[in-house]
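Asks: My structure is below; once you've seen it, I'll send some questions.
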Amino acid sequence: MAAFGTVFMPQMAITKFENGNWTDTTTVSSDSISIHPGAHVLHYSSTCFEGLKAFKHDDGGVYIFRMDQNIKRFQQSSELLKLPSFDPQQVEEMILELVKQYADEVPAPPGSMYIRPTHVGTEASIGKAANPSLSSLLYILLSPVGDYFAGGAKPLRLLLDETGMRCAPHMGMIKSGGNYASALGPILAAKDEVQADQILFCPNGDVQETGAANFILIDGNEIITKGLDSSFLHGVTRASILTLAKDLGMTVSERDITVSELLERSAKPGVEAALSGTAAVLTPVGTFIHNDKEYTVGSGQAGETTMKLRQALNDIQWGKAEDKHNWLVKVL
Ligand SMILES: *Cc1c(COP(=O)(O)O)cnc(C)c1O
């Protein structure tokens, strides 16, 4: 199986903002775009994206998970980056039509079709460091993906970083390439120095998230995760897992957690930690690394509740459990 995100469907849907208007959607080859070397995005990082998935059910039907939430966040990212605002209806149609075109290529579970809307500022002006791009390109890429856990769900090792930051605090809610660029150096250093898989960013002791996933702690019947504020990315998976946890009768606590509370709690037997995101749904965390010491979370193995919640979400996505919250949109 090819690495996640390296295979693309041959065509993509695209629209351009120019002279104050969006063009009609067209479907073009997905192997290239043409932009000026002075394009705003290449110099001043006016770029944002989304990640959502389409699933194939046993009856052959194809369904997209919570598309409205991703389009809303895409619009929010665009606004915060001062990119042209778009018509959510047009983007929804772009996604639906493209997924319909490639319905036969949507992998069966545990695979899926990963959908990557992308929006970049294209105005050719290197003089606009402190001004927004007046033109942009918005396109939808499709990438079929396999089982994220083909090699088994090995619990992750997370470095707790209290001094660094994933991104500038006012950029936290924006799903933008710049934030990933900002986190890359520290993450590579953590991999190299303490063999961590990821950094859990905890500026001044405030437990936030990793480079690309939200963090949740499970203590018995309680699920604890940072409450929404503008410092981190509001994951659709996070929100969905919290809803399912409530459905299962769990207590959901959305509040700040400090590093000391985290380390104290995670020493208790039965405590679990996990990362949430569209690509992997929920990934168990087995170890924290903090000030050169290692802390095993609960048993150090994938937690029972983590796996139960992951299954509950997958079952809805895969059409094996009732979609009580109307999260799926039927493509065909
Ligand atoms: C995309 C992303 C997430 C996860 O969001 P989902 O909507 O659950 O996929 C979490 N944190 C960051 C920084 C992200 O970019």
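Asks: Can you give me the number of residues within the stretch 240-262 that are over 23 Å from G205 (Cα atoms) and open to solvent by 30 Å² or more (accessible area, probe 1.4 Å)?
Replies: Total satisfying the criteria: 6.
Asks: Still on this structure: Residue by residue through the stretch 197-238, note down the ones that are of a type in the set (D, E) and outside any loop (DSSP other than H, G, I, E, B).
Replies: Within the stretch 197-238, D206, E209, D219, E222 meet the criteria.
Condition check ((1) within 16 Å of the ligand (Cβ to nearest atom); (2) among the aromatic types (F, W, Y); (3) more than 25 Å from F55 (Cβ to Cβ)) across all residues:
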{"position": "I241", "(1), (2), (3)": "yes, no, no"}
{"position": "L248", "(1), (2), (3)": "no, no, no"}
{"position": "K268", "(1), (2), (3)": "no, no, yes"}
{"position": "T283", "(1), (2), (3)": "yes, no, no"}
{"position": "V297", "(1), (2), (3)": "no, no, yes"}
{"position": "R310", "(1), (2), (3)": "yes, no, no"}
{"position": "D323", "(1), (2), (3)": "no, no, no"}
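Asks: Oh, and also: For the stretch 14-71, which strands (runs of 3 or more DSSP E) that fit wholly inside it have 2 or more residues that are more than 21 Å from the chain's Cα centre (by Cα) and at pLDDT 95 or above?
Replies: Here the list reads 26-29.
Asks: Does T15 satisfy being away from the ligand (no atom under 16 Å from the Cβ), touching a residue at least 60 places away in the same chain (Cβ under 8 Å) and either of a type outside the set (V, I, T) or open to solvent by less than 80 Å² (accessible area, probe 1.4 Å) (or both)?
Replies: So T15 passes the test.
Asks: What strands (runs of 3 or more DSSP E) completely inside the stretch 263-332 contain at least 2 residues that are out of contact with any Leu (no Cβ under 7 Å at 6 or more places or on another chain) and either open to solvent by 10 Å² or more (accessible area, probe 1.4 Å) or free of Cβ contacts under 8 Å to residues at least 40 places away in the same chain (or both)?
Replies: 271-277, 293-296, 328-330
Asks: Next question. Given S45, S30, S34, which one is within 16 Å of the ligand (Cβ to nearest atom) and farther than 24 Å from R238 by Cβ?
Replies: After applying the criteria, what remains is S45.
Asks: Consider G205 carefully, then state whether it is modelled with pLDDT of 95 or more and at positive phi.
Replies: Yes: the conditions hold for G205.
Asks: Taking only the stretch 152-167 into account, find how many residues are open to solvent by 40 Å² or more (accessible area, probe 1.4 Å) and modelled with pLDDT of 95 or more.
Replies: 4
Asks: Only one of these is in contact with a Gly (Cβ under 6 Å, 6 or more places away or on another chain) and either closer than 20 Å to A2 by Cβ or among the hydrophobic types (A, V, I, L, M, F, W, C) (or both): A189, A168, A124, A129. Name it.
Replies: Testing whether each residue is in contact with a Gly (Cβ under 6 Å, 6 or more places away or on another chain) and either closer than 20 Å to A2 by Cβ or among the hydrophobic types (A, V, I, L, M, F, W, C) (or both) leaves just A124.
Asks: Give me a count of the residues in the stretch 172-184 that are open to solvent by 10 Å² or more (accessible area, probe 1.4 Å) and either within 15 Å of the chain's Cα centre (by Cα) or more than 19 Å from V207 (Cβ to Cβ) (or both).
Replies: 7
Asks: Determine whether N214 is more than 13 Å from the ligand (Cβ to nearest atom) and either open to solvent by 10 Å² or more (accessible area, probe 1.4 Å) or within 18 Å of L228 (Cα to Cα) (or both).
Replies: Judged against the criteria, N214 is not a match.
Asks: Shifting gears a bit: Would you say G121 is at pLDDT below 95 and not assigned by TED's automatic domain parsing to the domain that holds D292?
Replies: no
The values are calculated or read from the model by the stated rules, or taken from the named source; none is laboratory data. Small disclaimer: the values here were computed from a predicted structure and weren't measured. When we count neighbours, we look across all protein chains shown, and the Cβ atoms used for this are built from the backbone with ideal geometry, even at glycine. Quick note on the areas: whole protein, heavy atoms, side chains included, nothing else; ligands and nucleic acids left out. Shrake-Rupley method; radii C 1.70, N 1.55, O 1.52, S 1.80 Å.
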